[in-house]
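Worksheet for the structure shown next.
The values are calculated or read from the model by the stated rules, or taken from the named source; none is laboratory data. Here the structure is a predicted model, which means the values were calculated and not measured. Reconstructed Cβ throughout: ideal geometry from the backbone, glycine too, with neighbour counts over all protein chains shown.
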Amino acid sequence: MEKRILILTAGFGEGHNSAARGIREGLAAVCGGTASVELHDIFAETYGGLNEAVRRAYLAAINRAPRTWGRLYNWIDRQEKFSPKMGWLFLAKARLKRLLFRLRPTAVVVVYPAYPYLLGNILGDAPALFRQVVCITDSITVNRIWLRGRADLFLVPNDLTAEAIEQAGIPSEKVHTLGFPVSPKFSELGELRQPFPAEAGLRVLHMINPGGRVAPELIRGLTNLPGVRLTVTVGRDPRLRRKIEDLRATTGRNFEVIGWTDQMPRLLLESHLLITKAGGATVQEAIAARCPMIINQVVPGQEEGNARLIVETGSGVIATEPRAMLAAVGRAFAENGRVWREWSANISRLSRPRASLEIAELLLAL
């Protein structure tokens, strides 16, 4: 029987799209063209410009009003029933229903928590003709919206998250701890992992958070640290890129500036230390690359568990002010990298760079 796998994602947070792409790449590597795989963002496909406006509003909320977003996140977590609240998404439901009829999948993998409720509205009490798999992209503090929909299996990134959702009432036989589905490139490029000390310098990767208000002060401090080789990523923001390049020109400091890139596996594997926010995909990619973290921003609610994962496993620290970040870098590299070596050993124990391949094997075996 031909395997037909549908992956459903949404653009509200890069973790969802990153996980979806990782699963698709894992399936492509494992199945050798013997399975049909489709990836869809039903909300973007249905609502177009409206979806983009809502997505931008969501990003603005988590970056500019994180406490307000945290209260909304906790309110969602307390809700017992979500399906009745999905009625206004009737256009998305109709589109998803047509897609299911056309593809007739053997498995549906969801990496965004609204989909189990849409699928539940479509199926009603009828038995599904496909296996429904929920891939949770957060760690430890998992919002209950992930857990109260219809699902046959839950894929989680680590043991601490497995324990958390089992304590929330999910049967252990439904829970599979296979890791976060990062790109298979993390496994393929594993030999790029940098030793300590490195002849080329101690490589620090700073992924600037949206807004990046403290970035100039932090960059000045990092370029003053002896032996540090700095790379700064600015994403798709041209104004931010100009600002950072102007800083480099006016200060005469030598560091690399990179825009949006598909080379993140290589950048993380070649770095000794990552400084950025506690985003779901970012934290998991750092773990896959065995790159310790200094977390400089935590969005209340959805990112708290990601930060806890790094801190509670001794894989890095939280430091939200430039002075504290610089002190953390100095402490990590002091005494021939004593603290950095501890962080590196701890994060290596969490690392599962083949997760997308193992998830693909599980999906093909269903």
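Details
Listed here are the residues, each with its yes/no results for (1) closer than 22 Å to Ala278 by Cα; (2) part of a loop (DSSP other than H, G, I, E, B); (3) at pLDDT 90 or above; (4) of a type in the set (A, V, I, L, M).
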| position | (1), (2), (3), (4) |
| --- | --- |
| Asp125 | no, yes, no, no |
| Gln132 | no, no, yes, no |
| Arg150 | no, yes, no, no |
| Glu163 | yes, no, yes, no |
| Glu191 | no, no, no, no |
| Pro197 | no, yes, no, no |
| Leu205 | yes, no, yes, yes |
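- Note on the stretch 1-92: enclosed helices (runs of 4 or more DSSP H) holding 1 or more residues that are within 19 Å of the chain's Cα centre (by Cα), in contact (Cβ under 8 Å) with a residue 24 or more places away in the chain and crowded, with 19+ Cβ neighbours inside 10 Å are 14-31, 49-64, 66-78.
- Number of the exception - Ala332 against (1) closer than 20 Å to Lys3 by Cβ; (2) over 23 Å from the mean Cα position of the chain (by Cα); (3) of a type outside the set (Asp, Glu): (1)
- Of Arg341, Arg331, Arg352, all but one fail to be in contact with a helix residue (DSSP H, G or I) (Cβ under 8 Å, 6 or more places away or on another chain), surrounded by fewer than 20 Cβ atoms within 10 Å (Cβ to Cβ) and charged (D, E, K, R); the exception is Arg331.
- All of Thr282, Thr276, Thr251 fail the test of being surrounded by fewer than 18 Cβ atoms within 10 Å (Cβ to Cβ) and closer than 24 Å to Leu225 by Cβ, apart from Thr251.
Here's the yes/no breakdown for (1) surrounded by 13 or more Cβ atoms within 10 Å (Cβ to Cβ); (2) over 21 Å from Glu14 (Cβ atoms):
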site: Ile165; (1), (2): yes, yes
site: Pro171; (1), (2): no, yes
site: Val175; (1), (2): yes, yes
site: Phe180; (1), (2): yes, no
site: Ser187; (1), (2): yes, no
site: Gly190; (1), (2): yes, yes
site: Arg193; (1), (2): yes, yes
site: Gly201; (1), (2): yes, yes
site: Val204; (1), (2): yes, yes
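- Residue, nearest to the chain's Cα centre (by Cα), within the stretch 308-328, restricted to residues that are crowded, with 23+ Cβ neighbours inside 10 Å and in contact (Cβ under 8 Å) with a residue 60 or more places away in the chain: Leu309
- Subset of the stretch 168-189 (residues that are over 18 Å from the mean Cα position of the chain (by Cα) and part of a loop (DSSP other than H, G, I, E, B)): Ala168, Gly169, Ile170, Pro171, Leu189
- Scanning the stretch 118-144 for residues that are surrounded by 22 or more Cβ atoms within 10 Å (Cβ to Cβ) and either of a type outside the set (D, E, K, R) or farther than 24 Å from Gly301 by Cα (or both) yields Leu118, Leu119, Val133, Val134, Cys135, Ile136, Thr137, Ser139, Val142.
- Yes/no for Leu202 being in contact with a helix residue (DSSP H, G or I) (Cβ under 8 Å, 6 or more places away or on another chain) and farther than 24 Å from Ile7 by Cβ: yes
- Verdict on Gly305 being in contact with a Gly (Cβ under 6 Å, 6 or more places away or on another chain), crowded, with 20+ Cβ neighbours inside 10 Å and not hydrophobic (A, V, I, L, M, F, W, C): no
- Counted residues, the stretch 213-240 - those being out of contact with any helix residue (DSSP H, G or I) (no Cβ under 6 Å at 6 or more places or on another chain), over 11 Å from Ile275 (Cβ atoms) and outside any strand (DSSP E or B): 13
- Scanning the stretch 157-198 for residues that are under 22 Å from Ser344 (Cβ atoms) and of a type in the set (A, V, I, L, M, F, W, C) yields Leu160, Phe180, Val182, Phe186, Leu189, Leu192, Phe196, Ala198.
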